[in-house]
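S.K.: The structure's right below; bear with me while I get my questions together.
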Amino acid sequence: MKVLGLGEIMIQLNPLNKGPLRHANIFERHVAGSEANVIIGMSRLGFSSGFLTAVGNDEFGKTVISTLRSEGIDTKYVKVKESYPTAVYFVQRGFPVPAKTDVFYYRKGSSFSMLTPDDIEEDCFKDIDLFHVSGITPALSESCKAVTLKAIKLARENGAKISFDTNVRKKLLMNTSRALACLEDFIKSADYLITGKGDLDYIFPGLDLSNQLSNLARIASNNELIIVKMGKSGVSAYVKGELIHSKGYTVEVADELGAGDAFDAAFLASIILGKNIQEALRFGNAAGAIVVGAIGDIEPLPGWKELETFLSFQEFGEKKLLR
Ligand code: KDG
């Protein structure tokens, strides 16, 4: 089984301590980016994975490429852009809302935002089973939106399923009307549409969940599955008019970044491998809960054995945790 993702992968600078960034002196360097997190998560779950992205011809670009390679991701189609830098972002944990994480981007004019449709080669869509992208990518620049449209077209023509996570980032989308204009085409084309309650509140403000879903369904009449993530309240799947809910897990939060991507990875992997929806939601929720327990988006992404260990601990407690 082969999956391909498209998105910006960045250097993440995450302070050692919680609190306002203005007082942060020591940072850990991580590598992260929503779609890359999903693809790496799927690689850890046994999928053969490739990633389309661009980095600068700089030290951080080298870090990004070696991280992808060390995770077994095919980097043949990663573009190295001479005159534009690899993007960087900073994380602020636990301030001003304890247990919440905020991000500050330094990605305007980055190498990835300069990607154009000509950078996308049809070759890399051969034999893929799933193509994954999120609402972050088309929100980065007009050319990134054109790249995303082309990639989805090629994926479709080559017989792959499409998964799209709305992944609203207010700092990129700016306002509600821009959000819908930016996301609509992609919501329409997804076989697996993944969103979140927060995203729906931003795209369809002032409506309750059932009205938000009716609006979404009007745009997205072809979706096989619509998934709504609700943080620690769990996640709901809407399949042919039927609602299936799976509860979330309460865990101690070190850094909530990347939890949604971990959900996507384990959920999509489960669906593609033919597990039923309930099981897929359970694995997805478990992956999200595991990732919030540690700092960094990629580092804590679980394999199947770790998912089983987590779920068995939830069910049986210490009794079954053999060391
Ligand atoms: O999903 C986690 C990501 O939001 C984070 O790692 C940064 O990719 C990122 C983005 O664009 O916000």
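S.K.: Within the stretch 218-240, how many residues turn out to be touching a residue at least 12 places away in the same chain (Cβ under 8 Å), surrounded by fewer than 18 Cβ atoms within 10 Å (Cβ to Cβ) and either assigned to a helix (DSSP H, G or I) or within 18 Å of the chain's Cα centre (by Cα) (or both)?
M.R.: 5
S.K.: Let me ask something additional. Are there any pairs, at least 6 apart or on different chains, whose C-beta atoms fall under 6 Å, with the first in the stretch 137-155 and touching a residue at least 60 places away in the same chain (Cβ under 8 Å) and the second in a helix (DSSP H, G or I) and of a type in the set (Phe, Trp, Tyr), and if so, which?
M.R.: So the pair list comes out as Ala155/Phe125.
S.K.: Same structure again: For the stretch 29-137, which fully contained strands (runs of 3 or more DSSP E) count at least 1 residues that are over 26 Å from Ala259 (Cβ atoms)?
M.R.: Values: elements: 48-52, 54-56, 79-81, 88-93, 101-106, 130-134.
Qualifying strands (runs of 3 or more DSSP E): 54-56, 79-81.
S.K.: Return a yes/no flag: does the stretch 161-172 have any residue that is more than 16 Å from the ligand (Cβ to nearest atom) and touching a strand residue (DSSP E or B) at 6+ places or on another chain (Cβ under 6 Å).
M.R.: Yes - at least one qualifying residue is present in the stretch 161-172.
S.K.: What do you reckon, is Val97 among the aliphatic types (A, V, I, L, M) and surrounded by fewer than 18 Cβ atoms within 10 Å (Cβ to Cβ)? Write out each step before concluding.
M.R.: Working: among the aliphatic types (A, V, I, L, M): yes; surrounded by fewer than 18 Cβ atoms within 10 Å (Cβ to Cβ): yes.
Considered against the rule, which asks whether it is among the aliphatic types (A, V, I, L, M) and surrounded by fewer than 18 Cβ atoms within 10 Å (Cβ to Cβ), Val97 comes out as yes.
S.K.: Right, something else. Is one or more of the residues making up the stretch 3-15 away from the ligand (no atom under 15 Å from the Cβ), closer than 21 Å to Val133 by Cα and not aromatic (Phe, Trp, Tyr)?
M.R.: yes
S.K.: Go through (1) of a type in the set (A, V, I, L, M, F, W, C); (2) over 25 Å from Leu301 (Cβ atoms); (3) assigned to a strand (DSSP E or B); (4) touching a Gly at 6+ places or on another chain (Cβ under 8 Å) one by one and return the number of the condition Leu243 breaks.
M.R.: (4)
S.K.: Turning to a different aspect of this structure: List pairs: first in the stretch 28-47 and closer than 14 Å to Ala87 by Cα and within 13 Å of the ligand (Cβ to nearest atom), second of a type in the set (D, E, K, R) and at pLDDT below 95, Cβ under 9 Å, 6+ apart or cross-chain?
M.R.: Sorted first by the residue in the stretch 28-47, then by its partner, the pairs are Ser34/Arg169.
S.K.: Please work out if Gln314 is out of contact with any Gly (no Cβ under 6 Å at 6 or more places or on another chain) and under 30 Å from Leu16 (Cα atoms).
M.R.: yes
S.K.: Got at least one residue in the stretch 261-275 being among the aromatic types (Phe, Trp, Tyr) and assigned to a loop (DSSP other than H, G, I, E, B)?
M.R.: No; the residues of the stretch 261-275 include none that is among the aromatic types (Phe, Trp, Tyr) and assigned to a loop (DSSP other than H, G, I, E, B).
The values are calculated or read from the model by the stated rules, or taken from the named source; none is laboratory data. Computed from a predicted model, the values in this text were never measured in an experiment. Every residue, glycine as well, gets a Cβ built from its backbone with ideal geometry; the counts of neighbours run over all protein chains shown.
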